[in-house]
Amino acid sequence: MSTTFGSYIRSLRTQNGMTQAQLADRLNVTDKAVSKWERDLSYPDITLFPKLADLLGVTADDLLHESKDGGQPSRLLQIFEMSHDIRTPLHIILGCANMARLHHEDTDLLLRYLESIQISGEYLLQVIDRVMEVTHQEQGGPEVSAKAGPVPTPPDPSESAISGSDRRNTVDSPPPSNIQELSEYLDHRAQARRDSMEKFDFSGKRILVAEDIMVNREIAGEILRHAGAEVEFAEDGQVCLDKIQKSPAGYYDLILMDLMMPVLDGLEAARRIRRLDDPEKASIPIIAVSANVHEKERREALEAGMNEFAEKPIFIDRLFAAMAKFL
C-alpha cells in the first residue's frame, strides 16, 4: 500500500511519541496546520522541512522522496526537483551579465552574452511554466497555456522560440540538466533565432500597440521597427479605440492589444472595435498580448473578437509568425 505525505508524517510522529500539539509547538505552527498535513490537505512550507525532518529523526530528503501522492512522487517533490532547472539558467544569466559589464566595449562579446541571457531567460520561463502547471494541478485549477485545437508536435530545441501551448508540450521532455547541455541548447537556439528573424519584413505596415506600461511600449516599438514596421502607441484601451475611430479606414494594418489596461481594458476595447459601423475598421486584425497564459484568458480574448493570442515576455519569432498571417 503506497504511503502519502500525510500518513508518512503521522507514522513518524507516532514513532517519536509526539502528539500533533507537541509537534506543532516545536515547529511554531498551529495544531490545525499539522492536522491538515496528516490528512493530506496541505503541505508544510518548504522552509520547515529541515526542522521537521530533524524532529522526526529523518532527513529533509527523506521527507521529500518518501512522500507519495497516489503512489507517485508528491507534487511538492516535483517542484523541489525543478529548483535545479531554475538555478542552471540563472547561473548563465548572472554570469553573462557580469561578463557583459566587464567586456562592454567588445561589441561581439557583448552581443554573445546578451544572446545567452535572452535565451536562458526563455528557457527559465519554460521551467516556471512547468512549476505553474504542477501548482495548478495541486489546486485543481486549469492547465497552464492550454489552448483549444489539436495538440502540436513538441518542437525540436533547434526550432524557433517556444510559446503558448507549444511550450506546454515540452513538459514531458526533460530540459537541459546541466551547464554543458544548456550551453549546447543556447548554440542551437541562437542560430535558430538568427535564421528565423530573416524571414519577416513588415516594411510599410502600420501597427498600433495598445500598452499601458511605457517600457513595454518601448520594447514592442523597437522590435517592430527592426522588422520595418511603422509603430504608433495607445496607453490604454480607450485611446486605442479613439485612434481607430478617428483614423481613415485602412490606416492601421494590425493592433497588438494588451489585455490589462486602465480606463478601458483590452477585452472591452476589442469588443467595441468589432461593433464599429465601418466594416473595414471593425475587422482590423487584433492580436492579444498578455502575461496571463491560462486557458481562461485565451478563451476570453477570442470571444472578445481577437484573432490571435501572444504572450509576454514576447517571443519575437512567434509574434512575427502570428502577425504574418494578417500582414
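The values are calculated or read from the model by the stated rules, or taken from the named source; none is laboratory data. Predicted, not measured: the structure shown is a model, and the values here were computed from it. Quick reminder, even Gly has a Cβ in these numbers, built from the backbone with ideal geometry, and neighbours come from all protein chains shown.
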- request: Of the numbered conditions (1) surrounded by 15 or more Cβ atoms within 10 Å (Cβ to Cβ); (2) at pLDDT 70 or above; (3) among the basic types (Lys, Arg), Arg75 fails exactly one; give the number of that condition.
  value: (2)
query: Out of (1) modelled with pLDDT of 95 or more; (2) within 15 Å of Leu319 (Cα to Cα); (3) among the aromatic types (Phe, Trp, Tyr), the odd one out for Tyr251 is which?
result: (2)
field: Qualifying residue in the stretch 283-302 (condition: part of a loop (DSSP other than H, G, I, E, B) and polar (S, T, N, Q))
entry: yes
query: Restricting the search to the stretch 5-21, which residues are surrounded by fewer than 18 Cβ atoms within 10 Å (Cβ to Cβ) and either in a loop (DSSP other than H, G, I, E, B) or small (Gly, Ala, Ser) (or both)?
result: Ser7, Ser11, Asn16, Gly17, Met18, Thr19, Ala21
query: Is there a residue in the stretch 287-308 that is farther than 29 Å from Asp129 by Cα and modelled with pLDDT of 90 or more?
result: no
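Give the residue, chosen from Glu230, Glu198, Glu235, Glu280, that is among the acidic types (Asp, Glu), touching a Lys or Arg at 6+ places or on another chain (Cβ under 7 Å) and either surrounded by fewer than 16 Cβ atoms within 10 Å (Cβ to Cβ) or modelled with pLDDT of 95 or more (or both).
Numbers: Glu198 fails: touching a Lys or Arg at 6+ places or on another chain (Cβ under 7 Å); Glu235 fails: touching a Lys or Arg at 6+ places or on another chain (Cβ under 7 Å); Glu280 fails: touching a Lys or Arg at 6+ places or on another chain (Cβ under 7 Å).
Residue meeting the stated conditions: Glu230.
Condition test on Ala324, is it within 28 Å of Glu122 (Cβ to Cβ) and buried (at least 16 other Cβ atoms within 10 Å of the Cβ)?
On the way: within 28 Å of Glu122 (Cβ to Cβ): yes; buried (at least 16 other Cβ atoms within 10 Å of the Cβ): no.
It is false that Ala324 is within 28 Å of Glu122 (Cβ to Cβ) and buried (at least 16 other Cβ atoms within 10 Å of the Cβ).
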query: Which of the residues belonging to the stretch 232-251 are among the β-branched types (Val, Ile, Thr) and closer than 17 Å to Lys205 by Cα?
result: Ile244
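Of the residues that make up the stretch 317-327, is at least one outside any helix (DSSP H, G or I), under 13 Å from Ile207 (Cβ atoms) and modelled with pLDDT of 95 or more? Steps first, please.
Going through the stretch 317-327, the residues outside any helix (DSSP H, G or I) turn out to be 325-327.
From what's left, under 13 Å from Ile207 (Cβ atoms): 326-327.
Filter again for modelled with pLDDT of 95 or more, leaving 326.
The answer is yes; a qualifying residue exists.
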Residues (touching a Pro at 6+ places or on another chain (Cβ under 9 Å) and not in a helix (DSSP H, G or I)) located in the stretch 214-267: Glu235, Asp236, Ala249, Asp253, Leu254, Ile255
- prompt: Is there a residue being buried (at least 19 other Cβ atoms within 10 Å of the Cβ), at pLDDT below 80 and within 16 Å of the chain's Cα centre (by Cα) anywhere in the stretch 103-119?
  reply: no
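Between Leu48, Leu56, Leu63, Leu27, which is surrounded by 16 or more Cβ atoms within 10 Å (Cβ to Cβ), closer than 30 Å to Ile128 by Cβ and at pLDDT 90 or above? Steps first, answer last, please.
Values: Leu48 fails: at pLDDT 90 or above; Leu56 fails: closer than 30 Å to Ile128 by Cβ; Leu63 fails: at pLDDT 90 or above.
Testing whether each residue is surrounded by 16 or more Cβ atoms within 10 Å (Cβ to Cβ), closer than 30 Å to Ile128 by Cβ and at pLDDT 90 or above leaves just Leu27.
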task: Hey, could you check the stretch 275-327 for residues that are among the β-branched types (Val, Ile, Thr) and within 14 Å of the chain's Cα centre (by Cα) and say which is nearest to Ile223 (Cα to Cα)?
output: Ile314
